[in-house]
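Data first, discussion second: the structure below is written as structure tokens.
Each reported figure results from applying straightforward, stated rules to the coordinates on display, with no laboratory input. Model, not experiment: these values are computed from the prediction. Neighbour counts are summed over all protein chains in view; Cβ atoms, including those assigned to glycine, are modelled from backbone coordinates with ideal geometry.
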Amino acid sequence: MKDRPTQSDAAAAGEHGGRELYEKPMQSNKRSVLSRAVRGRAVRARSVRARSVLRGAVGSGLACVLFCCGCDEPAAGPPAIQTQNLHSRPSTLRVVDGTDGAVVEVRSDFGIGRAALQRTGPEWPAKVTVRLYLKALEGFSVSGGGETLDKESLAIDRNEADGQPCFDVRVPRSVLDAGPRIEVQWVDFYR
């Protein structure tokens, strides 16, 4: 009579968790070891297929739910505007795409900066707003296509966003229509 191996025997034999050892008495010939390895791969293959089928079902179900709910939001893609800091001091630039346009958020610890905004598509979003998280805004200009507009000729609103004071500057359509790239400059306090 053959004894069933214990869990310590399974660990000593190097089997994966000892699953096969408890199903059959331990055999030492090469053929049984090979068949266990083949069975193990088949079980893993079945579980991989099951996971991919489950993922597909979940994805299809999610798509169906979104379609049935009337979700007309476009899929998240690249932002409509790419940004580049042009000043020697670092500034954080982030584009937030909204339903009616894009907001370029600017956080500048130094308070003085310059950035380039480049559209990624054939047209600019309907509205482009530059939101500056600064304590004051003594100087601001936007330029594109050879046209430069300064603070006095722009509509600037002092607001609060994310619990912090900020300035919202709407970029005029005339500057946006002049080309695919614009530049903005800002100064919180003249020094």
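Could you tell me the relative contact order of the range 81-187? Use alpha-carbon pairs under 8 Å, at least six residues apart, and round to a whole percent.
The normalised contact order for the range 81-187 reaches 29 percent.
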Translational diffusion coefficient, Stokes-Einstein: compute it for the range 128-191 using the Kirkwood radius over C-alpha pairs as Rh, at 10 °C and 1.306 mPa s, and state it as an integer in µm² s⁻¹.
-> 130 µm²/s
Total formal charge among the other residues, if their Cβ is under 9 angstrom from that of residue 117, Lys/Arg +1 and Asp/Glu -1 = +1
With Rg from the Cα atoms and Rh as the Kirkwood inverse mean 1/r over Cα pairs, the range 81-187 has an Rg/Rh of 0.92
